[in-house]
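Notes follow once the structure below has been shown.
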Amino acid sequence: MQYRLDTPYPKVEINSIDLEEAKKILSSYSGEVSENSAIHLYLYQAFSLREKYPHYGTILKNIAIVEMKHLQLLSQVIQLLGLAPAFVYPKEKKLMSWDSDLLNYTVDIEDMMILDIESEINAIQGYQQLINSLQNQSIQKLFRRIIQDEEIHLSIFQNILKEVKKP
């Protein structure tokens with residue numbers, strides 16, 4: 001099974017510090033709908049499913065690994081733009097620390113897949129909004145490439161939901 005597109009991630013070129021651009025990226029890096037939240041959510045789900053649904057647990061673990069790559073890429077962009085890659089996100093004009101309370105700890109596989117589908121859709125929309133709001137074209141290219149991976153994850157979760165959906 002393929003968890004990410006086989007094409008490489010584009011190199012980001014940043015010529016100057018831009019803290020405002022970096023702050024915009026923090027929500028996708030470590031907000032409620034973010035790479036950091038996705039990693040923790042998918043690992044929690046993988047651990048929860050490993051006994052009853054080991055195959056799905058393995059899929060979730062492998063998707064979390066791809067999300068880790070995305071997190072690394074975002075951390076590099078944030079640093080190049082002049083911010084430390086702290087696990088914070090903007091909310092109501094303040095920076096909030098990431099917290100595991102942002103996650104949904106359901107144990108029902110159908111509910112997990114519905115949640116994961118919503119999370120991937122929201123992540124894609126978040127990246128699309130960033131693409132529209134950021135000026136740097138190399139960052140835009142990187143985010144378009146990340147969206148392609150997120151679309152793969154969305155498709156995987158939709159297929160799993162079809163398999164586990166209760167009649």
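None of the figures in this text is laboratory data; all of them are computed from the coordinates on show. Predicted, not measured: the structure shown is a model, and the values here were computed from it. Cβ atoms come from the backbone with ideal geometry, glycine included; neighbour counts cover every protein chain shown.
Values computed for the structure shown
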{"quantity": "Highest-fluctuation residue, Met113, Met96, Met68 considered, GNM on the chain with Cα pairs under 10 Å", "calculated": "Met96"}
{"quantity": "For region 19-164, size of Cβ-based charge dipole, Lys and Arg +1, Asp and Glu -1, in debye", "calculated": "540 debye"}
{"quantity": "Pair Lys141, Ile65: separation of 7 Å Cα→Cβ label points (nm)", "calculated": "2.7 nm"}
{"quantity": "Neighbour cut-off at most 11 other Cβ (10 Å), DSSP loop, chymotrypsin sites (Phe, Trp or Tyr not before Pro), region 71-116", "calculated": "Tyr105"}
{"quantity": "Dimensions (Å) - region 14-64, Cα atoms, principal axes, largest first", "calculated": "50, 20, 9"}
{"quantity": "Rg(Cα)/(2.2 N^0.38 Å) for region 113-159, N = residue count", "calculated": "1.20"}
{"quantity": "Förster-model FRET efficiency, 35 Å R0, Glu51 and Gln79, C-beta, rounded to 0.05", "calculated": "0.35"}
{"quantity": "Among Ser16, Ser28, Ser133, residue whose mean-square fluctuation peaks in a GNM of the chain (springs only between Cα atoms under 10 Å)", "calculated": "Ser16"}
{"quantity": "Rule-of-thumb Rg ratio for the chain [Cα; 2.2 N^0.38 Å; N residues]", "calculated": "1.04"}
{"quantity": "Positive-end residue, region 19-164 charge dipole about Cα centroid, Cβ charges, pick of Met68, Ile117, Ile78", "calculated": "Ile78"}
{"quantity": "Candidates Ile114, Ile59, Ile25: whichever shows maximal mean-square fluctuation once the chain is modelled as a Gaussian network with Cα springs under 10 Å", "calculated": "Ile114"}
{"quantity": "Integer Hz, Karplus 6.51/-1.76/1.60 couplings in order for region 64-75, x for Gly and Pro", "calculated": "4, 5, 5, 4, 4, 5, 4, 4, 4, 4, 5, 4"}
{"quantity": "Neighbour-count ranking [beta-carbon atoms within 10 angstrom, fewest first] of His55, His153", "calculated": "His55, His153"}
{"quantity": "Degrees between helix 137-164 axis and first principal axis of the chain (Cα, 0 to 90, nearest 10)", "calculated": "10 degrees"}
{"quantity": "From phi via Karplus (6.51, -1.76, 1.60), per-residue ³J(HN,Hα) for region 76-86 in Hz, x at Gly/Pro", "calculated": "5, 5, 4, 5, 4, 7, x, 10, 6, x, 6"}
{"quantity": "Between helix 109-133 and the chain: long-axis angle, C-alpha atoms, 0 to 90°, nearest 10", "calculated": "20 degrees"}
